[in-house]
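Here is the structure we will look at, set down as structure tokens.
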Amino acid sequence: MKRKMPWGTYLWPGLPQAWVDGSWSALAVAVSVAALLNLALLSSFVWTELVAWQVRNGLWIALCGVWLGAGVMSAVWTRRRAFGSEEDRSGVDFAEAVQYYLTGDWFRAERELQKLLEKDARDAEARLTLATLLRHTGRLDEAEGQLQRLSRLEGAGKWELEIGRERELLADARTKVPTEDEAAAGPGAADPSDEVRPAA
């Protein structure tokens, strides 16, 4: 689910990308602009005798140039993201991944879930479903890693019950020794009652 971004974030260079994508480079731009603005303000109103007027003017010109350039970049990024989200919805479908999952086509289900997470690493539904799939295929450490990443996401609190239940099932899977019949049946032969249903 795409988070709504407050319109005010567009007023600060780098903040839209840092807010939505968690981009470290965008955060560095936002912090650099803040430092440049503080320096320009201090040189204009506090250190007026220490800083030459040419330096003060240069700071303000540089600040305006960076602000304008970052504004253009944010507008381009927003348009690309809007068009890209439409392409993503047509190319990668969560419902299709769930269908593969429910029919036991683990390979295709994992492939589609990985595509979804490449497009949006904050897709909690896809990550939870992937963790469940990894548990069913016996890749318990990878499943635990997905749950850890899920629990660190913003807004992960609403998935607390599902994460807790999946952790319990992982703990059971680690202690359970498969019988000969279960080993012959292969991964995915677990009792359906212990499944975490993929989010609709």
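Every number in this text was worked out from the coordinates using simple rules, so none of it is lab data. What you see is a predicted model; the values in this text were computed from it and never measured. Heads up, the Cβs are rebuilt from the backbone with ideal geometry, glycines too, and the neighbour counts pull from every protein chain shown.
For the listed peptides 160-166, 149-155, a ranking on the average number of other beta carbons within 10 Å per residue, highest first, reads 160-166, 149-155. A protection proxy built from the mean count of other Cβ atoms within 10 Å ranks the segments 121-132, 61-72, most packed first, as 121-132, 61-72.
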